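The values are calculated or read from the model by the stated rules, or taken from the named source; none is laboratory data. Because the structure is a prediction, the values reported are computed rather than measured. Reconstructed Cβ throughout: ideal geometry from the backbone, glycine too, with neighbour counts over all protein chains shown. Accessible surface areas use protein heavy atoms only, side chains included; no ligands, DNA or RNA. Shrake-Rupley method; radii C 1.70, N 1.55, O 1.52, S 1.80 Å.
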Amino acid sequence: MPRYSANLSMLYTEHDFLDRFAAAAADGFTGVEYLGPYDVPEADVADALSSAGLTQVLFNLPSGDWAGGERGIAALPGREEEFRDGVGAALRYAQALGCRQINCLCGKLPEGVARAEAEEVLVANLAHAAPRLAEAGIRLLVEPINSFDIPGFLLTRPDETLALFDRVGADNLWLQYDLYHMQRMQGELMATFERLQPRIAHVQIADNPGRHEPGTGEINYGYVLPRLDALGYEGWVGCEYVPAAGTSAGLTWRNDI
């Protein structure tokens, strides 16, 4: 049976952020993740987490101006100092929350910037962040994202992400494997997972089309989720989907699959 983590940036959005922890626990989740906690003091987040009896599974490095359309700054020339400051902020929150995984969104290729230049910036930033997080016992994850939802996103496939890891040359780099994004980009979900499993630290799920609950679309989660167990995957499975008709009402998929 997978260990499910509720993504509080997409689930329970009818509640204020700090109230989502208790709501997730009431529905049987034992772990939580989200884009980032940085708008709330770490002590307040830690209190909500502890009161709900939850594990902090994952959150992202600061991702820039999200409301303005940025989806990560790790590959953006001229933002290196901001990225490094973000690594420090993420470390503070991770230590306060007992979090052992932090994800990096690399960002979109800026207009007028060559891909090779953006990749060099990303390599240098990951080379800075990976050992810093390793010293604190925290894994650094990188997530490929489909180019339909985020046109221009720099890394869209697992293999190109791993090739970039090899250029960085740091041990503490891991894949975040989102089945929704990978279905949109390439399919072959479990064959790819099995091939890359030693380098995958976290799995996320949603169905396609629509990015709703498992069981609402074309991905055969009745095969996928038992297969994760059969392959010995011991990490968390992050529920990062848009509820079709309310978070709690839609959770019947956990019993139906």
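Things to note:
- Magnitude of the charge dipole, the chain, Cβ model with Lys/Arg +1 and Asp/Glu -1, debye to 20: 480 debye
- Secondary structure note: in the chain, about 5% of the DSSP beta bridges are antiparallel.
- Percent accessible area from carbon and sulfur atoms, the chain, protein chains only, probe 1.4 Å: 48 percent
- Shape of the chain, Cα gyration tensor, a/c cut at 1.5: oblate
- For the chain: accessible area per residue (Å², 1.4 Å): 42 Å²
- A dipole drawn for the chain from +1 and -1 charges on Cβ atoms has a positive end, and of 125, 168, 37 the residue lying farthest that way is 168.
- Calculated log₁₀ intensity ratio I(q)/I(0) where the Debye formula runs over C-alpha points of the stretch 111-156, q = 0.21, 0.31 Å⁻¹: -0.82, -1.08
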